[in-house]
Amino acid sequence: MSYWNAMNKVAFSHRWVDVGGLSTRVVEAGEGDSTVLFLHGIGGHIETFCLNIAAHAKAGHRVLAIDMLGHGYTAKPDGDYEIERYVDHVLEFLEVMGVKSATFAGTSLGGWISARIAARYPEKVDRLSLIASAGLTAHPSVMHNLKTLTERASLVSGREGVRIRLDFVLKHPESLTEELIDIRQDIYSAEDYKRSVKNIMCLQDMEIRQRNLLTQAELAKVEAPTLVVWTHDDPTATLEDGKNYANGIRDSRFVVFHESSHMPQLEEPDRFNALHLAFIADPAAVQSSTEDQASSNTSQAESV
């Protein structure tokens, strides 16, 4: 199914809004008293959530998804994109959209940003969903792979480089559609993206990453009910990394997906949507995976 066809039975808008002088791409769907904000991972874009937006809108939520600072078709100002810049951009975006608080659902980099906002601005976060999130670890091999593959895809290799970059974070070949490659290739081949890719990838520099990492003390400040969604086959993190997220947050539950890699909301959308909507409706109704369900080889990140 085409990503956009997945949304063709729900009304949505696709536009750019001014956020502190930065043209910011946004998709909005649904109406309701509660807002769900989807935040993509590093090198990602709104289409990461095209299989999730309609389901959440149909369930009665206002849904927002953006291309974050420097990503996708959003403006790309000069300078390294460290976590504080993303935080400021996201919070100002919510102000522009008239959103006082929301469910933050972030994958990878988006989860890192969401967790920091939840720790520092608890009044902004109703629910927190961390989907294969970054922010607690600095695995050198993972950082090298993300930086090398992303920069190569944008600056050197073209379409085949994009395919290799996406293959790194997807488990099943059928998940890597030509449409997804087309979308990302269009983004990565743009001159403004080529100029900014090193700014985007600054968090893969060890010194910069270390000063931006989340701490267990920060996680202890998170007040929002939290869902940590992890996978057995994530090349960027181990199961123990995910458990460290969940164990650091008081009101959390840890759920493991088995048929996806780094983007479970894209590779297992039906399961993710059902789980996430149940969590938003009643966090207490969602149970953590059992130890048997969660047990697996936890050395994945060190092996890549």
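What single numbered condition from (1) modelled with pLDDT under 95; (2) open to solvent by 20 Å² or more (accessible area, probe 1.4 Å); (3) not hydroxyl-bearing (Ser, Thr, Tyr) fails to hold for Pro235?
Against the list (1) modelled with pLDDT under 95; (2) open to solvent by 20 Å² or more (accessible area, probe 1.4 Å); (3) not hydroxyl-bearing (Ser, Thr, Tyr), Pro235 comes up short only on (2).
Does any residue in the range 193-209 that is farther than 10 Å from Glu151 by Cα come within less than 8 Å, Cβ to Cβ, of a residue that is modelled with pLDDT under 95 and outside any helix (DSSP H, G or I) six or more places away or on a different chain, and which pairs are these?
Short answer, once both residue conditions are applied: Met206/Ala138; Arg209/Ala138.
In this structure, does Val63 turn out to be modelled with pLDDT of 95 or more, under 16 Å from the mean Cα position of the chain (by Cα) and in a helix (DSSP H, G or I)?
It is false that Val63 is modelled with pLDDT of 95 or more, under 16 Å from the mean Cα position of the chain (by Cα) and in a helix (DSSP H, G or I).
When you look at His61, is it on the phi < 0 side of the Ramachandran plot, touching a strand residue (DSSP E or B) at 6+ places or on another chain (Cβ under 6 Å), surrounded by fewer than 17 Cβ atoms within 10 Å (Cβ to Cβ) and not hydroxyl-bearing (Ser, Thr, Tyr), yes or no?
In short, no.
Would you check if Met97 is farther than 24 Å from Tyr193 by Cβ, out of contact with any Asp or Glu (no Cβ under 6 Å at 6 or more places or on another chain) and aliphatic (A, V, I, L, M)?
Against the criterion (farther than 24 Å from Tyr193 by Cβ, out of contact with any Asp or Glu (no Cβ under 6 Å at 6 or more places or on another chain) and aliphatic (A, V, I, L, M)), Met97 qualifies.
Looking at the range 259-304, which of its residues are within 27 Å of Leu166 (Cα to Cα), modelled with pLDDT under 95 and open to solvent by 30 Å² or more (accessible area, probe 1.4 Å)?
Gln293, Ser295, Ser296, Asn297, Thr298, Ser299, Gln300, Glu302, Ser303, Val304
I need the full set of residues from the range 239-254 which are open to solvent by less than 10 Å² (accessible area, probe 1.4 Å) and either of a type in the set (Lys, Arg) or over 18 Å from Val125 (Cβ atoms) (or both), in order please.
Leu239, Gly242
Just name the residue that is farthest from the chain's Cα centre (by Cα) out of those in the range 20-46 that are buried (at least 20 other Cβ atoms within 10 Å of the Cβ) and more than 22 Å from Ile83 (Cα to Cα).
So the residue we want is Gly30.
Please determine, by comparing only the residues of the range 1-19 that are surrounded by 15 or more Cβ atoms within 10 Å (Cβ to Cβ) and outside any strand (DSSP E or B), which one is modelled with the highest pLDDT.
Val10
The values are calculated or read from the model by the stated rules, or taken from the named source; none is laboratory data. Quick caveat, the model's predicted, so the values are computed rather than measured. Cβ atoms come from the backbone with ideal geometry, glycine included; neighbour counts cover every protein chain shown. With ligands, DNA and RNA removed, areas are computed over all heavy atoms of the protein, side chains included. Shrake-Rupley method; radii C 1.70, N 1.55, O 1.52, S 1.80 Å.
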